Amino acid sequence: MPNRAGERRRKLAAAVLGRDPGPAPRSPEETTPFDVVSGDLLDVSPHLIILETAGGEQRRLVIAPWATAWRGGTVAPADLPAGSRVVVRALRGGTVAERVWADITRITGVIREVHGRRDLTVELDCGPHRRERSIVVPYRSSGRIRVRHPKLEPGYLFDAIGLSDQGATFAHLPATSQPPYRATAAPPSPPAYGGGQAGISGTAVWADLPDFAEEGVAKGVAYPMLEREDSGCDDAGVSCAGLPYLAMGSLLRVRNVCDGRTDVLPIVACGCLTGRFCDRCLECGTSPRGRVVELAASSYVALGGDLTKGCFNARVGLG
């Protein structure tokens, strides 16, 4: 597995350099992540949600009176259907659910083809790790998608948040404004990273959890600036954020600058599409241009992110 090889490499490098292979201690201004529980919804009532995690464990969480849920739109948690794949932000040691996202998915890729007149079918190339996807933009959602994605044409980038339902994927919300350039024409990065910098600011986004799970990286991040030979990805090494080259398995300290929640996560995949987006995040101030890291949905929620918003202003540095 790539993450095991990366962990071994990190420990060997630490031994050679005479440093601790583990993460650095948390600073006073950094706060701990939220508890997150994810799995398949078994049952739900107005006061209790029961789900089964990927490891087969059954978890029962009390639903907070102020809790909200999303499944293609805002719904009451008790209205979620059994069998939904859910991500739950939890309080009190993971026993109280306060925010639930059901069957949510993110569709990020390069447009290959577009078909249809009312309901649009968009064929996407989602990179070598996630391959191709076919998604539907329902007519009722097409207006807001087109406002921020005016060029639904082959060769342009696409990024939306939607719903997986009965084997089909439906785009509901634009995750960002579409870059005006083609995917192969990402702007060059600013001057090279200086080793004395404590970190780099930019946008943190999330990626579809099932795609990450296929790569065995539920607790890691995808990072754009990897050596192609190291990552096994011919599209690696592109970023407009001025990121340094790092090796697979390196530890990244990811901080949500909005609330200080911080976690240290290993690089376990290539963010080959991430580096092609030279956009900004407008949550809690405006981030510098460029996506610096791509998180699994559970890690993104743990750091205070809202899956329907799609990004937070982040600062990353070596762990």
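Of the accessible area of the stretch 256-319, with the probe set at 1.4 angstrom, what percent is carbon plus sulfur?
Details: 850 of 1760 Å².
That fraction is 48 percent.
Of Gly83, His115, Pro46, which is farthest on the positive side of the dipole of the stretch 45-125, counting Cα position, with +1 on Lys and Arg Cβ, -1 on Asp and Glu Cβ, and the Cα centre as origin?
So the residue we want is Pro46.
Please report, as a whole percent, how much of the solvent-accessible surface of the stretch 57-121 comes from carbon and sulfur atoms (probe radius 1.4 Å). List each step's numbers first, then the result.
Values: 1460 of 3180 Å².
The computed percentage sits at 46.
With every protein chain present, what accessible area does Glu29 have (1.4 Å probe, heavy atoms only), rounded to the nearest 10 Å²?
110 Å²
Return one whole number: the accessible area per residue of the stretch 264-319 in Å², for a 1.4 Å probe.
Normalised by residue count, the accessible surface of the stretch 264-319 is 26 Å².
Placing unit charges on C-beta atoms (Lys and Arg positive, Asp and Glu negative, everything else neutral), compute the dipole magnitude of the stretch 40-177 about its Cα centre in debye, rounded to 20.
Details: 19 positive and 15 negative charges, 89 e Å.
Magnitude of the dipole: close to 420 debye.
Please say if the stretch 18-167 is rounded, prolate or oblate, where rounded means a/c under 1.5 for a ≥ b ≥ c the square roots of the C-alpha gyration tensor eigenvalues, and otherwise the choice is prolate for a/b larger than b/c and oblate otherwise? Walk me through the intermediate numbers first.
Working: a/c = 2.24, a/b = 1.39, b/c = 1.62.
Judged from the Cα gyration tensor, the stretch 18-167 comes out oblate (a/c at least 1.5, b/c at or above a/b).
Find the centroid of the Cα atoms in the stretch 257-319 and in the stretch 121-146, then give the distance between the two in whole Å.
Between the Cα centres of the stretch 257-319 and the stretch 121-146 lies a distance of 22 Å.
Hey, can you find the accessible area per residue of the stretch 118-179 for me, probe 1.4 Å, expressed in square angstrom? Please report the intermediate quantities before stating the final value.
Working: 2860 Å² over 62 residues.
Roughly 46 Å² per residue, with all protein chains present.
Top to bottom by accessible area (1.4 Å), largest first, where do Phe277, Phe170 land? Numbers along the way, then the final one.
Values: Phe277 0, Phe170 60 Å².
From most accessible down to least: Phe170, Phe277.
Taking a 1.4 Å probe, which of Val88, Val96, Val75 shows the most accessible area, and what order do the others take after it? Please list the in-between numbers first.
Working: Val88 0, Val96 25, Val75 50 Å².
Ranking Val88, Val96, Val75 by accessible area, largest first, yields Val75, Val96, Val88.
The values are calculated or read from the model by the stated rules, or taken from the named source; none is laboratory data. What you see is a predicted model, and the numbers here were worked out from it, not measured in a lab. Positions of Cβ are generated from backbone atoms using ideal geometry, with glycine treated the same way; all protein chains shown enter the neighbour counts. What goes into the accessible areas is simple: the full protein's heavy atoms, side chains included, and nothing from ligands, DNA or RNA. Shrake-Rupley method; radii C 1.70, N 1.55, O 1.52, S 1.80 Å.
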